[in-house]
1. Within region 98-135, report the trypsin sites (Lys or Arg not before Pro) that DSSP leaves as loop and that have at most 11 other Cβ atoms within 10 Å.
2. For region 44-123, treating each Cα as an identical point scatterer without solvent, what Debye log10 I(q)/I(0) comes out at q = 0.10, 0.13, 0.24 1/Å?
3. Within the chain, what is the longest stretch that has no chymotrypsin sites (Phe, Trp or Tyr not before Pro) placed in a DSSP loop and near at most 16 other beta-carbon atoms within 10 Å?
4. Top mean-square fluctuation among Ser130, Ser119, Ser68, Gaussian network model of the chain, C-alpha springs under 10 Å?
5. Between region 96-117 and region 8-45, how many Å separate their Cα centres?
6. Starting from the Kirkwood radius over alpha-carbon pairs of the chain, derive D by Stokes-Einstein at 20 °C in a medium of 1.002 mPa s and give it in µm² s⁻¹.
7. Per Stokes-Einstein, at 10 °C and 1.306 mPa s, what whole-number D in µm² s⁻¹ belongs to region 11-88, with the Kirkwood radius over Cα pairs as the hydrodynamic radius?
8. Tell me, what % of the accessible area of the chain is carbon and sulfur with a 1.4 angstrom probe?
Amino acid sequence: MAVERTFSMIKPDATHRNLTGAITKMLEDAGLRVIGSKRVWMGLRDAEDFYAIHRERPFFAELTEFMSSGPTIVQVLKGENAIARNRYIMGATNPAEAAKGTIRRTFALSITKNSIHGSDTPETAESEISYWFSKTEIVG
Ligand code: CMP
């Protein structure tokens with residue numbers, strides 16, 4: 001198995017409910033190591049840039065307004081098969097479809113307020129990491 005890096009973002013619904021530690025513990029318990037982490041309150045422009053791939057989707061405005069409505073924790077995670085491992089522990093995008101024991105099934109409120117984001121491919125992981133982090137902010 002390859003050691004990979006992936007990007008994760010704990011969303012405003014979760015930081016608002018003080019779940020940063022609980023969610024990070026689930027990531028760590030799943031075998032992922034946090035090698036970069038910071039708390040950011042993104043503006044609407046950053047949310048629109050970050051989620052540009054979804055610009056034409058009907059949920060784009062709701063998504064970007066929500067993502068700029070409060071603090072998020074952006075993280076770089078490292079581990080064996082980190083991208084798939086992270087997506088497994090996050091659970092399905094829609095919490096109603098997420099498996100028991102996953103982060104979204106445990107904490108998410110809705111498909112928009114779904115507590116966490118994670119990269120879906122190695123290319124997306126690297127571009128999302130470099131959107132939020134400089135090289136010196138990633139250690140490990
Ligand atoms: P995320 O993994 O951050 O990627 C895009 C986000 O859009 C997704 O999680 C959801 O929070 C949000 N979203 C809102 N509505 C939908 C929808 N109908 N289908 C997919 N994603 C949605």
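1. Lys100
2. -0.25, -0.43, -1.29
3. 60-140
4. Ser130
5. One Cα centre to the other: 14 Å.
6. On the way: Rh = 14.9 Å.
Using the Kirkwood radius from Cα pairs, D works out to 143 µm²/s.
7. Answer from the Stokes-Einstein relation: 116 µm²/s.
8. 52
The values are calculated or read from the model by the stated rules, or taken from the named source; none is laboratory data. Given the structure is predicted, the values throughout are model-derived calculations rather than measurements. Methodologically, a virtual Cβ is constructed for each residue, glycine included, from the backbone with ideal geometry; neighbour enumeration extends over all protein chains shown. Keep in mind that these areas ignore ligands, DNA and RNA; they rest on the heavy atoms of the full protein, side chains included. Shrake-Rupley method; radii C 1.70, N 1.55, O 1.52, S 1.80 Å.
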